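Trainee: This is the structure, below, for whatever I ask next.
The values are calculated or read from the model by the stated rules, or taken from the named source; none is laboratory data. The model shown is predicted, which means the values in this text are computed figures rather than measured ones. Here the Cβ is made from the backbone with ideal geometry for all residues, glycine too, and neighbour counts use every protein chain on show. Protein only, heavy atoms only, side chains kept; ligands, DNA and RNA dropped before computing areas. Shrake-Rupley method; radii C 1.70, N 1.55, O 1.52, S 1.80 Å.
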Amino acid sequence: MFTIEHEFDATVVTLVDDGDGGQSPLQEDVVINAFEECITIEQLDPRSEEVQVITLSIAMLNDLAAALDLPEGVYKLVAEKRRPG
């Protein structure tokens with residue numbers, strides 16, 4: 001399950017672990033904040049009771065999206081040049 005909220009300076013997506021029918025323990029919610037210049041991913045660490053934050057640049061997010069559909073290897077995305085007309 002997830003929620004989407006549009007705030008003043010960010011879109012906030014919250015991923016909620018619904019579980020898999022009791023087969024594994026539930027994970028803490030993940031909050032993704034999409035700002036114009038970066039993406040932050042937050043999750044509560046239940047051991048320390050602190051929220052852990054990871055920040056990705058937009059380029060890193062694009063790389064991650066591409067990586068989900070590629071086989072093992074090393075890659076570099078190159079921006080596609082648009083032709084006039």
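Trainee: Is one or more of the residues making up the stretch 7-24 surrounded by fewer than 11 Cβ atoms within 10 Å (Cβ to Cβ), more than 10 Å from the chain's Cα centre (by Cα), of a type outside the set (Val, Ile, Thr) and part of a strand (DSSP E or B)? Working first, answer last.
Mentor: Pass one, the stretch 7-24, residues surrounded by fewer than 11 Cβ atoms within 10 Å (Cβ to Cβ): 7-9, 18, 20-24.
Remaining after also requiring more than 10 Å from the chain's Cα centre (by Cα): 7-9, 18, 20-24.
Remaining after also requiring of a type outside the set (Val, Ile, Thr): 7-9, 18, 20-24.
Pick out the ones that are also part of a strand (DSSP E or B) and you get none.
Checked against the condition, which is being surrounded by fewer than 11 Cβ atoms within 10 Å (Cβ to Cβ), more than 10 Å from the chain's Cα centre (by Cα), of a type outside the set (Val, Ile, Thr) and part of a strand (DSSP E or B), the stretch 7-24 yields no hits at all.
Trainee: Hey, another quick one. Please find, within the stretch 31-47, the residue that is least open to solvent (accessible area, probe 1.4 Å) out of those that are in a loop (DSSP other than H, G, I, E, B) and of a type outside the set (D, E, K, R).
Mentor: Residues of the stretch 31-47 that are in a loop (DSSP other than H, G, I, E, B), as a first pass: 35-37, 46-47.
Within this subset, residues satisfying the condition of being of a type outside the set (D, E, K, R) are 35, 46.
Numbers: 35: 59, 46: 75 Å².
By that ranking, first place goes to 35.
Trainee: So which residues in the stretch 48-79 are open to solvent by 60 Å² or more (accessible area, probe 1.4 Å), assigned to a loop (DSSP other than H, G, I, E, B) and either modelled with pLDDT under 95 or among the aliphatic types (A, V, I, L, M) (or both)?
Mentor: Residues satisfying the conditions are 68, 69, 70, 71, 72, 74, 75, 76, 77, 78, 79.
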